[in-house]
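Q: What follows is a structure written as structure tokens; I'll ask about it next.
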Amino acid sequence: MKKTIIILVVIVVIILGWLWTSYNRLVTANEAVDGQWAQVETQYQRRFDLIPNLVESVKGIMAQEQQIFGDLADARTRYSGAQTVNEKAEAATQVESTLSRLLVIMENYPELRSTETVQTLMSQLEGTENRVSVERNRFNEQVKSFNIMIKRVPTKLIAGWYGFTEKVYFQAVSGAETVPQVNLELTQ
């Protein structure tokens, strides 16, 4: 009888220990995903801080391209008002599309490219775009690890009990793969 009680206590302790460690691993993985999204947002913020400087540097030289500057301001506003990861990703993609149009325009204006301030800002912006890409990839890797963890048995049971649900990958919005068309015809 005493041996049976000891065996039952050991089994209960093992099960409780497994539940405890499983829960803690889920919390750690969940926080890793959230932390990595914060890194993506940090790079977005860096990008949004650079854009006004670039726009102000370029504005005086390219008065005929005011639509792009308005689009950039609109995209920044949409991002700051976005509430969900998907809304933020969509707004960030709008910024990327507008920036790519601006980059094409800048390549076609040699006097603009030769301006040292613009060159520095462009270099900073390109570096930021690379950082954003790296952080997005890291975010998707964290999401993948978390999603695999909550889908595997027996952790799937613990995840369900405690409300851990599948995370959404960062995905570009539809049409992001299309190269923007820029019309540089100047009207006199």
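Q: Considering only the stretch 137-148, state which residues are among the hydrophobic types (A, V, I, L, M, F, W, C) and under 20 Å from Gln39 (Cβ atoms).
A: Phe139, Val143, Phe146
Q: A further question on this structure: Among Val13, Val55, which is the only one that is β-branched (Val, Ile, Thr) and at pLDDT below 90?
A: Just one listed residue meets the conditions, Val55.
Q: Please tell me if Ile105 is outside any helix (DSSP H, G or I), touching a helix residue (DSSP H, G or I) at 6+ places or on another chain (Cβ under 9 Å) and either modelled with pLDDT under 80 or closer than 28 Å to Phe170 by Cβ (or both).
A: Working: outside any helix (DSSP H, G or I): no; touching a helix residue (DSSP H, G or I) at 6+ places or on another chain (Cβ under 9 Å): yes; either modelled with pLDDT under 80 or closer than 28 Å to Phe170 by Cβ (or both): yes.
Considered against the rule, which asks whether it is outside any helix (DSSP H, G or I), touching a helix residue (DSSP H, G or I) at 6+ places or on another chain (Cβ under 9 Å) and either modelled with pLDDT under 80 or closer than 28 Å to Phe170 by Cβ (or both), Ile105 comes out as no.
Q: Tell me which residues, restricted to the stretch 108-126, are surrounded by 13 or more Cβ atoms within 10 Å (Cβ to Cβ) and either part of a helix (DSSP H, G or I) or at pLDDT 75 or above (or both).
A: Matches in the stretch 108-126: Leu112, Val118, Gln119, Thr120, Leu121, Met122, Gln124, Leu125.
The values are calculated or read from the model by the stated rules, or taken from the named source; none is laboratory data. This one's a predicted model, so the numbers in the text were calculated from it and none came from an experiment. Here the Cβ is made from the backbone with ideal geometry for all residues, glycine too, and neighbour counts use every protein chain on show.
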